[in-house]
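Everything below concerns the one structure shown next.
The values are calculated or read from the model by the stated rules, or taken from the named source; none is laboratory data. Treat the numbers as computed from the prediction; the structure is a model and nothing was measured. Every residue, glycine as well, gets a Cβ built from its backbone with ideal geometry; the counts of neighbours run over all protein chains shown. With ligands, DNA and RNA removed, areas are computed over all heavy atoms of the protein, side chains included. Shrake-Rupley method; radii C 1.70, N 1.55, O 1.52, S 1.80 Å.
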Amino acid sequence: TQGILQGTYETFAAVAAKRGGSLAGTITLTAGLGGMGGAQPLAVTMNDGVAICVEVDPSRIARRIDHRYLDVQAGSIDEALELAYRAREARRPLSIGLLGNAAAVLPELLARGAEIDIVTDQTSAHDPLSYLPLEYAFEEWDAARRADPAGFAEAARASMARHVEAMVGFQRAGAEVFDYGNNIRTEALAAGYADAFAFPG
């Protein structure tokens, strides 16, 4: 865990270095609070930034709060943005967990014109069976992927394409956007999104 945190911290520190040495006054949007991704909120706040972390599994959000890697959980997108903007204006580090599917949340935030400075992702996109497609509820996940692994994977890739398209949208709006090595760009490209590699790894 410490090694994962260090690597994630150093990655965000590299972004901070491009911005004068700190993420204070910035908002990072990401997803995935699992084994690797769970280091993201603490890595951002250790660099003095604000993080909104989207996660489909409520137990992962609770665990990260229990372990003090994540500060708070927002009850809605509106609350997440309100908390983030308030902390950003105060230049106060804060990490916010938001329950939801990134393939739905990121496009909505983009459509709202949310003020986001940095975007990345650490969902388990390297394994399509570990990425929840939009058409399935969290409670249906395990049964659905067991019943039709190929169909589930195809649906997951289609959702990844929407997820990545929103990331590219944030990049075009001026945000710093990068892939963190989870293969989401490759899967989105396989689903037919031609601009999947518009942002770097």
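Give just the number: which of (1) open to solvent by 20 Å² or more (accessible area, probe 1.4 Å); (2) part of a helix (DSSP H, G or I); (3) closer than 18 Å to residue 54 by Cβ does residue 164 not satisfy?
Condition not satisfied by residue 164: (1).
Determine whether residue 23 is touching a helix residue (DSSP H, G or I) at 6+ places or on another chain (Cβ under 8 Å) and farther than 25 Å from residue 130 by Cβ.
Yes: the conditions hold for residue 23.
Can you tell me which residue is nearest to the chain's Cα centre (by Cα) among those in segment 117-157 that are hydroxyl-bearing (Ser, Thr, Tyr) and more than 30 Å from residue 24 (Cα to Cα)?
131
Given the structure, is residue 9 surrounded by 15 or more Cβ atoms within 10 Å (Cβ to Cβ), more than 24 Å from residue 107 (Cβ to Cβ), of a type in the set (Ser, Thr, Tyr) and touching a Leu at 6+ places or on another chain (Cβ under 6 Å)?
no
If you scan segment 172-200, which residues turn out to be within 20 Å of residue 27 (Cβ to Cβ), charged (D, E, K, R) and open to solvent by 50 Å² or more (accessible area, probe 1.4 Å)?
Hits for segment 172-200 are 172, 176.
Given (1) at pLDDT 95 or above; (2) assigned to a loop (DSSP other than H, G, I, E, B); (3) within 30 Å of residue 22 (Cβ to Cβ), identify the lone condition not met by residue 170.
Only one criterion is unmet by residue 170, namely (2).
Restricting attention to segment 125-161, which residues are open to solvent by 20 Å² or more (accessible area, probe 1.4 Å) and among the hydroxyl-bearing types (Ser, Thr, Tyr)?
Hits for segment 125-161 are 130, 136.
So, in segment 158-168, exactly how many residues are without any contact (Cβ under 8 Å) to a residue 60 or more places away in the chain and within 16 Å of the chain's Cα centre (by Cα)?
Here the count works out to 7.
Scan segment 186-200 for residues that are in contact (Cβ under 8 Å) with a residue 60 or more places away in the chain and over 15 Å from residue 166 (Cβ atoms) and jot them down.
none
Tell me, which residue of segment 104-116 that is surrounded by fewer than 19 Cβ atoms within 10 Å (Cβ to Cβ) and among the aliphatic types (A, V, I, L, M) is nearest to the chain's Cα centre (by Cα)?
Among those that are surrounded by fewer than 19 Cβ atoms within 10 Å (Cβ to Cβ) and among the aliphatic types (A, V, I, L, M), it is 104.
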